[in-house]
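These notes concern the structure reproduced below.
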Amino acid sequence: MAKQQKNTRDQSAKEPETSKSKGTPKGNLTSRRQPIAKVSSGPSAATTVSAGLAQQNQTTLSQQPQQTIKQNPLEQYPKPPFVEQTQAWPGLASKMTPQPDHGEKSYQGTGRLLNRKALITGGDSGIGRAVAIAFAREGADVAINYLPAEESDAQEVMALIREAGRQAVAIPGDIRDEEFCLQLVASAVRELGGLDILVNNAARQHQVPSIMDLTTELFDWTMKTNLYAMFWITKAAIPHLQPGSSIINSASEQAYDPSANLVDYAQTKAAIVNFSKSLSKQIVPKGIRVNAVAPGPIWTPLQPSGGQDPIKLTQFGADTPLKRPGQPAELAASYVTLASQESSYATGQVYGVTGGNGLP
């Protein structure tokens, strides 16, 4: 964890003498009435000013975060068709073609979450990975949860958080177990030294074309991962959250426009929207904000590991106005914004990042 530096003042340094008549310090400072330099006029002066502004603009552009550089969103990332591909659940980002962009090489922070402490479920890949990278580069210490089978992806995230100069905490485990969820929060609080931001992001998605083939076991798996875990983790986290803290839940456009083959998944996402809105009203007196992000089709391991029909996956995202799936990196800014103090008046909101589908 980065150590906080104390602001100290050299008590032996003398205060600058001030002019009794003007009330301004003596020395190098000038009063408003003193001429700083002779100001020239005419065409040559205008040329000099223009050249100076151009140089200043060039300097500003060189310092601009890469993720904010203007690009055509239609051409910014890969578009269908994609190669047919499948993975065993839960899937790894490193085995996807093309590999997702989580902001590893593009996201640059500006200190918006300096010294915050965040817990992110599903932080090894996909949206959770992009959020973990962004949070760390914005100055937060980050703990991520993931399944043991996702260890290789998780270790890459750990390295990226540490490269940003922040503390990284890995807490693998299955959030379908209530006892583990309680341990998860306790471990994050202990290792990070507190908790300011909770991101409930982990999810189970498995497409089943007919409800007749949706078994109780599969249904229960989805409910426990997407709803029960969010309830258990949030309930355990709230006593540790101080005023100014933020809870962000990952919902989906499926909450508003459910697909026929995602009956169980879609209803959990609708419940997450309502959970977020209801909880925001309940705990706003504590100074804690609760919001949700509703992504559209995003290129994550969730898709080739059972979340989509393998054949239809080759055209994944083609039916959006942007004609492509979103990349995890394209959602990171929404989570950063909702977590930061800049969004102090936003609670009970659902931010849609859907590629133009207009939902929510």
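Values in this text are rule-based calculations from the coordinates and carry no lab data. Keep in mind the model is a prediction, meaning the values are calculated, not measured. In this analysis, Cβ positions are derived from the backbone assuming ideal geometry, glycine residues included, and neighbour counts consider all displayed protein chains.
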How big is D, in µm² s⁻¹, for segment 108-188 by Stokes-Einstein at 37 °C and 0.692 mPa s if Rh is the Kirkwood radius over C-alpha pairs?
266 µm²/s
Note down the nm distance, to one decimal, between modelled labels 7 Å out along Cα→Cβ at residue 163 and at residue 323.
3.3 nm
So for R0 = 30 Å, FRET eff. of residue 314-residue 71 from the Cβ-Cβ r, to 0.05, ends up at 0.75
Within 14 Å, Cβ to Cβ, of residue 228, how many net charges do the neighbouring residues add up to if Lys/Arg are +1 and Asp/Glu are -1?
-2
If we count every other residue with Cβ under 12 angstrom of residue 350's Cβ, Lys/Arg +1 and Asp/Glu -1, where does the sum land?
+1
Short version: ³J(HN,Hα) in whole Hz for each residue of segment 310-318, in order, from phi by Karplus 6.51 cos²θ - 1.76 cosθ + 1.60 (θ = phi - 60°), x for Gly and Pro, what are they?
x, 6, 5, 4, 5, 10, 4, x, 5
For labels at residue 183 and residue 152 in the simple 7 Å Cα→Cβ model, what's the distance in nm?
2.6 nm
Taking H as built 1.01 Å from N, whose amide H comes closer than 5 Å to the amide H of residue 143, not counting residues under 5 places away?
118, 119, 120, 169
Shape call for segment 191-259, from the Cα gyration tensor axes a ≥ b ≥ c (a/c under 1.5 means rounded, otherwise prolate when a/b beats b/c, else oblate), comes out prolate
Just the projected area, averaged over all directions, of the convex hull on the alpha carbon atoms of segment 156-239: how many nm²?
6.8 nm²
Greater than 22 Å apart at Cα, pairs in 95/312; 95/269; 79/312; 224/312; 235/281; 79/224:
95/269; 224/312; 79/224
Please compute the Cα-Cα pair-distance distribution of segment 245-360 with 10 Å bins starting at 0, giving whole percents from short to long.
14, 43, 31, 11, 1
Any chance you could run the full-extension gain for residue 346 through residue 220? It's 0.36 nm times the residue separation minus the Cα-Cα distance, nm to one decimal.
42.1 nm
